[in-house]
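A short worksheet on the structure shown next.
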Amino acid sequence: MADSHLTDIKRPVVFQPPDLTDAEYQTIANFVHKTSGINLLDGKKELVRARLTKRIAQLEMKNFKTYFQYVMTDSSGDELVFLLDALATNLTSFWREPQHFIFMAKTFLPELEMSRKRGKTGGPRLRIWSAACSSGEEPYTIAMVVFENSHYFSAGGDFRMLATDLSTKVLNVAKKGQYGPESAKNIPPAVLAKYLTKNQAEKGGYIYTISPEIRRLISFRRFNLMDPMPYKGPMDLIFCRNVMIYFDRDTIAKLVDKFYKLLEPGGYLFIGHSESLSGLQHKFTYVAPCIYRKLQR
């Protein structure tokens, strides 16, 4: 006979991952699309289940329906930010899709420095927007390319950059400007030595830290591309790469129109190599694969 006192021991409750019904998935997918433009309607059910189950366990909720109701009733908006953070895909690297940076060095920057457009310092002004900056590798690469290919801007010219993303998680990484050896491997050695500092990491190994002269140029902010543009511009160059692949055609068309209105005449839009504006009604002029220009007035 088992000891009676053993039956009184409270066993820990084992979390049982809830099932995500088709109806719940459809509700979440429709809400995410309306809120952020991200299209989850093409077979992303398992991705949604996997990324939200851990959060449901943390909140000790029983199912996705309860969690979604919590998102909708959270007056602070914090849980909505968490939801979008969890479902956004953030893949990036330094010098990703290098053709854009070659174009900047050989075409864009020489054109700009020869233009008559003047900034506060009397020379040309430069404003760039990295519209889906993820963990910061893209805007930091852009700044290093500018410094390496423009004596004027590297000497303190009128250059500023806006870097935005939907995810607060990756923005926190970007603001720190610290990257491991694997992340930094694509940076040309001479540029790495010039603009990053190598330090010992707390948990062993080492990290690279972006130099203050690069970091001071960039303003990192959270921004949902579906929201009205709060930035007056005008911008000379907009990077929006490998984001529109998650949007439907109507969403892309509206976003491209926003970019066009924000760009300086003669300014450029760079999109990802897996993206295209073909088949869309827009005012941009095609320049090269994934490079479009707003013509001068």
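Bear in mind these aren't lab numbers, they're just calculated from the coordinates by the rules spelled out. As the structure is a computational prediction, the values presented were derived from the model and not from experiment. For neighbour counting, all protein chains shown are included, and Cβ atoms are generated from backbone atoms with ideal geometry for every residue, glycine included.
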Stokes-Einstein D for the range 130-232 (4 °C, 1.567 mPa s, Kirkwood Rh from Cα pairs), in µm²/s, comes to 89
Give the label of the value calculated from the structure for Kirkwood radius over Cα pairs in Å, choosing from (i) 19.2; (ii) 20.4; (iii) 21.6. (iii)
State whether the range 11-87 is rounded, prolate or oblate according to the following rule on the C-alpha gyration tensor (a ≥ b ≥ c being the square roots of its eigenvalues): a/c under 1.5 gives rounded; otherwise a/b larger than b/c gives prolate, and the remaining case gives oblate. oblate
Computed, not fitted: 222 nm per-residue ellipticity of the chain from DSSP H runs ≥ 4 (each -39500 (n - 2.57)), nearest 500, equal to -11000 deg cm²/dmol
I need the peptides 252-265, 225-238 ranked by packing, meaning the mean over residues of other C-beta atoms within 10 angstrom, with the highest value on top. 252-265, 225-238
What ranking, highest mean first, results for peptides 184-195, 96-107 when packing means the other Cβ atoms within 10 Å averaged over each residue? 96-107, 184-195
So how strong a dipole does the chain carry about its Cα centre when Lys and Arg Cβ are +1 and Asp and Glu Cβ are -1, to the nearest 20 debye? 1080
Here FRET efficiency (C-beta to C-beta, Ala23 to Met229, R₀ 45 Å, nearest 0.05) is 0.80
Which FRET efficiency value, to the nearest 0.05, is calculated for Ser278 and Glu111 with the Förster distance at 30 angstrom and r the Cβ-Cβ distance? 0.75
Using per-residue counts of other Cβ atoms within 10 Å, averaged over each peptide, order 275-287, 145-157 from highest down. 145-157, 275-287
Test of understanding: in a Gaussian network model of the chain with alpha carbons linked when under 10 Å, which of Glu182, Glu137, Glu202 would top the mean-square fluctuation ranking? Glu202
Quick one: of Lys176/Lys203; Lys169/Lys203; Lys34/Lys54; Lys232/Lys294, which pairs are farther than 19 Å apart, Cα to Cα? Lys169/Lys203; Lys34/Lys54
